[in-house]
Amino acid sequence: MPKTQNIDPKILRLPQFIEFGKIPVNQYNRTIEEEKKNFSADDLIRIYHDMVIIREFETMLNDIKTKNEYNGITYNHPGPAHLSIGQEASAVGMAYTLGIDDFIFGSHRSHGEILAKGLSAINKLGDKDLYKIMSNYHGGGTLKTVEKGFDGDTRELAIHFLLYGALAEIFARENGFNKGLGGSMHAFFTPFGIYPNNAIVGGSGDISVGAALYKKINRKPGIVVCNIGDASMGCGPVWEGICFATMDQYKTLWEGDYKGGLPLIFNFMNNLYGMGGQTMGETMGYDILARIGAGVNPEMMHAERIDGYNPLAVIDAYKRKKKILEEKKGPVLLDTLTYRISGHSPSDASSYRSKEEIEAWQNEDSIITYGNNLVTSGIASQDSLDSIKSYTAKLITHILQITTDDKISPQLDLNSDPDAIGKMMFSNRSEEKMEEREPEVLIPMEENPRVKAIKNKVRFYTDSEGKHVSKARLFQLRDGIFEAIIDRFYKDPTLAAWGEENRDWGGAFAVYRGLTEALPYHRLFNSPISEGAIVGAAIGYGMCGGRVIAEIMYCDFLGRSGDEVFNQLPKWQSMSGNTISMPVVIRVSVGSKYGAQHSQDWSALAAHIPGLKIVFPATPYDAKGLMNSALQGTDPVIFFESQRIYDVGEMFHKPGVPEEYYEIQLGDPDIKRIGDDITILSLGATLYTAIKTADLLNQKWGLNAEIIDARTLVPFNYQPVIESVKKTGRIVLTSDASSRGSFMKEMAQTITELAFDYLDAPPVVVGSRNWITPAYEMEEYFFPQPGWILDAIHQKIMPLNGHVPHNDYSTDKMIKLNREGV
Ligand SMILES: Cc1ncc(C[n+]2csc(CCOP(=O)(O)OP(=O)(O)O)c2C)c(N)n1
Ligand SMILES: [Mg+2]
């Protein structure tokens with residue numbers, strides 16, 4: 001809601017028509033003769049060569065999958081192989097003009113794109129650079145294997161390296177580009193500009209937007225190509241990615257040379273099918289996919305359908321579209337028409353399409369047609385083309401032979417190191433900034449109005465006379481988060497933040513108030529209401545090397561970014577074989593007062609997914625220290641914040657929240673009150689419920705409860721909790737999450753396992769009801785109350801003399817509730 005842009009009813013209420021321009025469809029019409037002036041003969045032959053390599057590579061995989069044999073080499077590959085036989089021209093055409101600074105993202109069917117982009121990069125890199133890239137990768141293991149007995153030139157060696165790295169990845173070998181942890185659908189190799197390929201249909205649709213943002217925000221050269229299938233046009237992340245990538249603000253509000261569109265091409269590899277669903281005529285309504293561009297923005301996304309069966313048509317389109325991106329008029333939508341001759345996977349019986357249809361496309365096969373054109377135009381002889389084919393078959397046979405030899409190409413040795421994958425789940429680095437340069441800010445930090453206001457705040461909840469400080473004067477939890485974030489914005493030039501209402505509004509809960517004054521648009525901006533793309537773009541930004549904070553306004557909206565949070569963010573570091581890091585913090589606000597769809601604590605859902613660090617602070621001191629750590633790290637962190645306690649002051653850390661920078665290590669729970677009769681382990685805002693409970697236990701029964709604030713869920717150091725249980729013999733755990741499947745249940749189970757001998761009673765979890773969250777007026781019947789914890793202690797752990805429980809925690813009641821599913 002930038003005040004600079006007035007929305008005038010006098011203009012907006014005028015009648016008018018929306019005019020759509022023309023979207024070109026297959027307009028390329030040059031002959032190869034005409035193209036001779038644009039390409040050397042070598043270049044034209046290289047296009048053929050690259051297509052043949054892809055065809056042979058995929059044919060080999062098809063043979064291995066269907067017959068367990070290729071050219072006399074037998075092998076069983078149990079994993080996936082989504083082949084792109086038929087689509088070679090679209091891949092080679094796409095990659096031909098791209099340099100190594102241009103990044104491609106892909107899908108489950110991206111072997112061809114990997115090879116095409118790799119071959120294009122090899123052609124553009126000098127021998128020295130190529131050798132350096134190869135010898136640096138994974139300590140040179142992949143290179144050493146292909147170098148053995150090889151006596152050609154560096155470029156040829158690099159082709160061996162590319163084919164071997166890709167195939168070894170597909171066959172889960174340690175020499176694979178991602179140590180065998182990515183596999184067929186997730187293989188990539190960033191030194192050649194090949195970024196993650198994604199097994200989730202449309203997964204690259206928003207991640208690639210983040211990569212384009214990374215390039216734009218950090219002034220990096222190159223463009224980004226998002227290669228996705230035609231059926232992915234039905235996927236949320238693709239639509240959200242398109243919305244995110246086409247926001248007006250890039251052209252209206254971003255300043256100076258940041259003004260202008262994203263350097264991004266959404267390239268739909270339109271093979272007309274999504275598995276067995278026919279996108280034109282059955283499962284979608286667009287008829288011609290490029291039509292979609294018309295509705296997105298006035299530029300109609302410069303959309304175009306191109307003939308992906310003709311590599312020269314694709315190259316022509318890329319040359320023209322790259323120019324559009326250089327002029328900052330992107331993004332672009334390309335509908336690259338192609339056809340998958342092979343099945344969706346080798347087990348596909350093609351029951352959804354006719355033999356005649358497949359034959360018709362085979363008759364127009366791009367490699368044969370293009371080869372014939374080369375011959376008839378006198379660019380190449382049939383013999384020379386045939387020798388490319390026979391050379392390629394020999395090369396692929398050799399690569400298959402060394403890849404399938406367990407001695408030459410072993411898998412990651414999980415026998416000798418059973419934790420080898422575990423060690424790759426996190427990058428665990430500590431980096432003040434992701435790049436060395438001055439951060440762009442609008443004013444010195446001391447001049448920031450919020451920073452000035454905070455200077456006058458009291459950083460402990462009581463004053464020197466022990467009186468409670470008024471809310472207006474109090475340094476609150478939201479201030480702790482703000483201090484950590486603004487500090488990092490002035491340290492790390494790559495740091496950018498986005499989400500809904502993040503800029504002028506200051507975030508829905510005023511955590512960012514004051515940041516607008518500090519930061520130019522390109523470092524802090526409002527996003528569309530696209531939770532998937534908010535997170536997806538952060539993932540792309542992070543994997544390219546930038547640090548980013550994305551915000552989800554309510555925890556309940558995490559479902560909208562489900563794939564990004566559960567499938568993408570946690571996995572790319574380890575699926576890359578630890579070659580990329582993911583300095584991404586997702587702030588998630590946990591609500592109350594707004595009923596069933598705005599008040600859920602879903603921290604357990606996030607904690608369940610391997611590869612995420614999960615934080616949930618409850619005090620201003622912890623919030624600042626933990627946010628500092630999250631922003632100093634290189635791992636994805638989901639940072640939960642409870643709306644109930646944004647305004648609390650610091651009650652525990654004396655003399656108050658330090659003004660200077662400090663870190664609190666993720667994973668250490670904190671003992672907030674010492675006691676030896678019972679341990680209360682709390683998470684998030686229930687720390688304050690625990691405090692009230694402890695006060696009651698002390699006042700009424702003279703018991704001293706030890707209160708431990710978990711602070712983080714993953715990682716988590718159980719040692720202090722076990723030490724406490726050794727002392728108290730009793731533990732009750734509480735959080736605002738519905739108790740069934742909550743993280744406190746997980747903790748209770750682990751504590752039972754680790755400290756069984758010290759326990760006098762079972763660990764008991766007091767969470768919220770397994771209901772919808774009712775209206776604010778009824779919330780005390782839903783969220784755990786001090787009285788509930790007393791009831792549970794009384795009935796399950798130790799009788800509290802004279803206590804009359806309100807709630808029934810008996811075994812019978814628990815069995816009944818579980819049986820009823822509530
Ligand atoms: C979110 C999701 N839904 C379904 C699938 C199963 N699936 C794998 S590929 C595919 C079809 C994708 O079609 P398209 O995007 O056109 O790519 P193509 O396979 O044609 O290359 C489907 C449904 C998946 N991997 N991810
Ligand atoms: Mg398709």
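The values are calculated or read from the model by the stated rules, or taken from the named source; none is laboratory data. Not measured: the values here are computed from a predicted model. Here Cβ is always computed from backbone atoms with ideal geometry, including for glycine, and neighbour counts include all displayed protein chains.
When you check residue 241 against the structure, is it on the phi > 0 side of the Ramachandran plot, within 16 Å of ligand 1 (Cβ to nearest atom) and surrounded by 24 or more Cβ atoms within 10 Å (Cβ to Cβ), yes or no? Lay out the reasoning, then the answer.
Working: on the phi > 0 side of the Ramachandran plot: no; within 16 Å of ligand 1 (Cβ to nearest atom): yes; surrounded by 24 or more Cβ atoms within 10 Å (Cβ to Cβ): yes.
Criteria not met by residue 241.
Rundown of residues vs (1) more than 16 Å from ligand 2 (Cβ to nearest atom); (2) among the β-branched types (Val, Ile, Thr), yes/no style:
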| position | (1), (2) |
| --- | --- |
| 194 | yes, yes |
| 200 | no, yes |
| 204 | no, no |
| 209 | yes, yes |
| 220 | yes, no |
| 225 | yes, yes |
| 236 | yes, no |
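Of all residues in the range 661-716, how many are acidic (Asp, Glu) and touching a Pro at 6+ places or on another chain (Cβ under 7 Å)?
Kept after step one, since they are acidic (Asp, Glu), are these residues of the range 661-716: 663, 668, 670, 676-677, 695, 706, 709.
Narrowing the set further to residues that are touching a Pro at 6+ places or on another chain (Cβ under 7 Å) leaves 709.
So the count comes out to 1.
Name the one entry in 207, 170, 200 that is surrounded by fewer than 24 Cβ atoms within 10 Å (Cβ to Cβ) and either touching a Cys at 6+ places or on another chain (Cβ under 9 Å) or among the hydrophobic types (A, V, I, L, M, F, W, C) (or both).
Values: 207 fails: surrounded by fewer than 24 Cβ atoms within 10 Å (Cβ to Cβ); 170 fails: surrounded by fewer than 24 Cβ atoms within 10 Å (Cβ to Cβ).
One residue alone meets the criteria, 200.
From the list 352, 370, 339, which one is more than 20 Å from residue 202 (Cβ to Cβ), touching a residue at least 60 places away in the same chain (Cβ under 8 Å) and within 30 Å of the chain's Cα centre (by Cα)? Talk me through it step by step, then tell me what you get.
Working: 352 fails: within 30 Å of the chain's Cα centre (by Cα); 370 fails: within 30 Å of the chain's Cα centre (by Cα).
Selected residue: 339, the only one of 352, 370, 339 that is more than 20 Å from residue 202 (Cβ to Cβ), touching a residue at least 60 places away in the same chain (Cβ under 8 Å) and within 30 Å of the chain's Cα centre (by Cα).
Specify which of the listed residues (305, 320) is surrounded by 12 or more Cβ atoms within 10 Å (Cβ to Cβ) and within 16 Å of ligand 1 (Cβ to nearest atom). Working first, answer last.
Numbers: 320 fails: within 16 Å of ligand 1 (Cβ to nearest atom).
Result of the check over 305, 320: 305.
Any residue at all in the range 310-322 that's out of contact with any Cys (no Cβ under 6 Å at 6 or more places or on another chain), within 16 Å of ligand 2 (Cβ to nearest atom) and part of a helix (DSSP H, G or I)? Before the answer, list the steps.
Of the range 310-322, the ones out of contact with any Cys (no Cβ under 6 Å at 6 or more places or on another chain) are 310-322.
When the remaining residues are screened for being within 16 Å of ligand 2 (Cβ to nearest atom), the result is none.
Within the range 310-322, not a single residue is out of contact with any Cys (no Cβ under 6 Å at 6 or more places or on another chain), within 16 Å of ligand 2 (Cβ to nearest atom) and part of a helix (DSSP H, G or I).
I'm told residue 287 meets every condition in (1) acidic (Asp, Glu); (2) within 16 Å of ligand 1 (Cβ to nearest atom); (3) in contact (Cβ under 8 Å) with a residue 40 or more places away in the chain except one. Can you identify the failing condition by its number?
Single failed check for residue 287: (3).
Condition first: assigned to a loop (DSSP other than H, G, I, E, B), in contact (Cβ under 8 Å) with a residue 24 or more places away in the chain and either surrounded by fewer than 24 Cβ atoms within 10 Å (Cβ to Cβ) or on the phi > 0 side of the Ramachandran plot (or both). Now tell me which residues in the range 691-747 satisfy that.
At the first step, the residues of the range 691-747 found to be assigned to a loop (DSSP other than H, G, I, E, B) are 702-704, 710-711, 715-718, 729-730, 739-742.
When the remaining residues are screened for being in contact (Cβ under 8 Å) with a residue 24 or more places away in the chain, the result is 703-704, 710-711, 715-718, 729-730, 739-742.
703, 704, 711, 715, 716, 717, 718, 729, 739, 740, 741, listed by residue number.
Starting from residues that are of a type in the set (Ser, Thr, Tyr) and assigned to a loop (DSSP other than H, G, I, E, B), keep the ones in the range 238-281 and report whichever is farthest from ligand 2 (Cβ to nearest atom).
Here is the first cut: in the range 238-281, the residues of a type in the set (Ser, Thr, Tyr) are 246, 250, 252, 258, 273, 279.
Of the ones still in play, those that are also assigned to a loop (DSSP other than H, G, I, E, B) are 246, 279.
Working: 246: 23, 279: 6 Å.
The extreme case among them is 246.
Going residue by residue through the range 397-413, is there one that turns out to be in contact with a Gly (Cβ under 7 Å, 6 or more places away or on another chain) and either surrounded by 11 or more Cβ atoms within 10 Å (Cβ to Cβ) or without any contact (Cβ under 8 Å) to a residue 60 or more places away in the chain (or both)? Explain how you work it out, then say what you get.
At the first step, the residues of the range 397-413 found to be in contact with a Gly (Cβ under 7 Å, 6 or more places away or on another chain) are 411-412.
Now drop any that are not either surrounded by 11 or more Cβ atoms within 10 Å (Cβ to Cβ) or without any contact (Cβ under 8 Å) to a residue 60 or more places away in the chain (or both), which leaves 411-412.
Checked against the condition, which is being in contact with a Gly (Cβ under 7 Å, 6 or more places away or on another chain) and either surrounded by 11 or more Cβ atoms within 10 Å (Cβ to Cβ) or without any contact (Cβ under 8 Å) to a residue 60 or more places away in the chain (or both), the range 397-413 yields at least one hit.
Can you tell me how many residues within the range 748-761 are surrounded by 15 or more Cβ atoms within 10 Å (Cβ to Cβ) and either without any contact (Cβ under 8 Å) to a residue 24 or more places away in the chain or over 14 Å from residue 681 (Cβ atoms) (or both)?
Residues that pass the stated criteria total 2.
At pLDDT 95 or above, over 22 Å from residue 530 (Cβ atoms), touching a helix residue (DSSP H, G or I) at 6+ places or on another chain (Cβ under 7 Å) and within 16 Å of ligand 2 (Cβ to nearest atom): does that describe residue 175?
Working: at pLDDT 95 or above: yes; over 22 Å from residue 530 (Cβ atoms): yes; touching a helix residue (DSSP H, G or I) at 6+ places or on another chain (Cβ under 7 Å): yes; within 16 Å of ligand 2 (Cβ to nearest atom): no.
So residue 175 fails the test.
Among what's in the range 210-238 and is surrounded by fewer than 19 Cβ atoms within 10 Å (Cβ to Cβ) and under 16 Å from residue 542 (Cα atoms), pick the residue that is farthest from ligand 1 (Cβ to nearest atom).
Top of the filtered list is 219.
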